[in-house]
Amino acid sequence: MPANPRRAWLLAAAFTVVATPTLACEPANPVSQASPDLAAERVRNHQAEMWARADAVFLSEASAFERIALPGGNGFSATLSPSLALKGDLPAERIAVRHSTVTSCGPIPFLDALAGREGEWFVTYVRRLPSGLSVDATVPVQDLVDPEALHAWTKGYAAEPPAT
């Protein structure tokens, strides 16, 4: 053992920092440099995984966007208004979502709805009781490709009473 254990510990820590690869921002669903068919398959698989993990999935309309100041930058807050249950129970209340911090990759959480526009519709995937902290993902409705979610959407609209 070296004469100075603290010096040996600092030397080991320095080597660890130098040997550790730099973390880079990676998209949640990387599709770059892939063929269009492979990219489409990855998106379908990612949406199917989100469906399988979620306790509830529903259509929601985004509104009440506000720019918010965060340590290290800016982010957004928004409100999601649940409209149609696709899986599990439809929340009775609106759900507030917001960026919580800014990293070198940008503001997180990475929810499509926080980059959306007033009145835009999203498929919303949640765990447990719906709250801003339980929203795992939001996908613009025009980007939905998962067959199971699309089937539930079609079935849900067929079950809805006609608007009067």
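Being touching a His at 6+ places or on another chain (Cβ under 8 Å), crowded, with 16+ Cβ neighbours inside 10 Å, closer than 25 Å to LEU150 by Cβ and at pLDDT below 95, is that true of even one residue in region 74-92? No - not one qualifying residue is present in region 74-92. Of all the residues in region 105-129, those that are modelled with pLDDT of 90 or more, in contact with a helix residue (DSSP H, G or I) (Cβ under 9 Å, 6 or more places away or on another chain) and not in a helix (DSSP H, G or I) number 7.
Selection of region 49-61 for residues being open to solvent by less than 40 Å² (accessible area, probe 1.4 Å) and outside any strand (DSSP E or B) yields MET50, TRP51, ALA54.
The requirement of being open to solvent by 30 Å² or more (accessible area, probe 1.4 Å) and aromatic (Phe, Trp, Tyr) is fulfilled nowhere in region 123-146; no residue meets it.
Remark: pairs (first residue in region 89-107, touching a residue at least 12 places away in the same chain (Cβ under 8 Å); second residue hydroxyl-bearing (Ser, Thr, Tyr) and part of a loop (DSSP other than H, G, I, E, B); Cβ separation under 7 Å; 6+ apart in sequence or on different chains) = ILE95/SER131.
Only one entry of ALA64, ALA69, ALA85 meets the criterion of being at positive phi and part of a strand (DSSP E or B), and that entry is ALA64.
The values are calculated or read from the model by the stated rules, or taken from the named source; none is laboratory data. In this text the structure is predicted, and so the values were computed from the model without any measurement. In this analysis, Cβ positions are derived from the backbone assuming ideal geometry, glycine residues included, and neighbour counts consider all displayed protein chains. Just so you know, the surface numbers come from the protein's heavy atoms only, side chains and all, with ligands and any DNA or RNA stripped out. Shrake-Rupley method; radii C 1.70, N 1.55, O 1.52, S 1.80 Å.
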